[in-house]
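Okay, structure first, notes after.
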Amino acid sequence: MIGLTSLWINGRNLVSPEINRRRALVVLGKIDEILSWEQAKEHEHDERFVELGEYLCEVRAGQYWRLENLKSFDEFLEKRFPESRRKAYYLMAIHETLTRIPKQQLREVGWSKATELVKVARRDGGEFDCATWLHKAKELPKEGFKRAVESHLTGKETEPWEIIYFKFYKSQLPVLERALETAAMMLGSDRSRGYCLEMICADFLAGAALEPAESESNVGCQTGNGDSSIRGSKRFLSERERNE
């Protein structure tokens, strides 16, 4: 009776599948053929990523790696992708997830954008609008498409950023800190220091744009309670909100 116990646990077969040796050798040969293009023709390699992902999934399902006396599929990937196995899993995810998108159209957008499409498809599930997202992938540059995906996944608008370094003397720091603290109180404590600095600069630009007569009439206010600065900041903020 022991020999008749179920060979299935949680839907997974405990018995290794019988390998179709001829098919396995063909698939393994195709994988090596595609990977050989990586050093010679990177563009060709990029076009064949759909095919490569499909073959890798078949190797995992059929356990073709056993023909090479390897212990696991991870060991197989480590042998074929010595620099990083992550890309192999990305390619497999593209094959398994983006089943509604024709292979030719996936080739046209490239594997890096296809990887971003996988993120959206997994998030949206059955509501994934593949036609709309495929159009975005074709029209937007790589970085722009990544920002669109990030915005969709997080619900937050994103834009390019960079870190800028300034040299300040210690004697200047109290003035800088006070200006940033004052801007934070006016704009809200949840605002970043970068945003506060932007508004300080905007306030300066708004004041510089005032007509000479208006500037002269407001000299007393500028040196007094700072009402003109507040008006300049509020005017810039309202214009920014309208534009956004």
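Some values worked out for this structure:
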read-out	value
Candidate set: the range 63-98, residues that are over 20 Å from R23 (Cα atoms) and either acidic (D, E) or in contact (Cβ under 8 Å) with a residue 60 or more places away in the chain (or both); chosen: the one surrounded by the fewest Cβ atoms within 10 Å (Cβ to Cβ)	E83
Of residues in the range 1-41 being part of a loop (DSSP other than H, G, I, E, B) and within 35 Å of the chain's Cα centre (by Cα), the one modelled with the highest pLDDT	K41
In the range 100-143, the residues that are surrounded by 12 or more Cβ atoms within 10 Å (Cβ to Cβ), in contact (Cβ under 8 Å) with a residue 12 or more places away in the chain and not in a helix (DSSP H, G or I)	I101, G110, F128
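The values are calculated or read from the model by the stated rules, or taken from the named source; none is laboratory data. If you're wondering where the values come from, they're calculated on a predicted model, not measured in any experiment. FYI the Cβ positions are ideal-geometry reconstructions off the backbone, even for glycines, and counts take in every protein chain you see.
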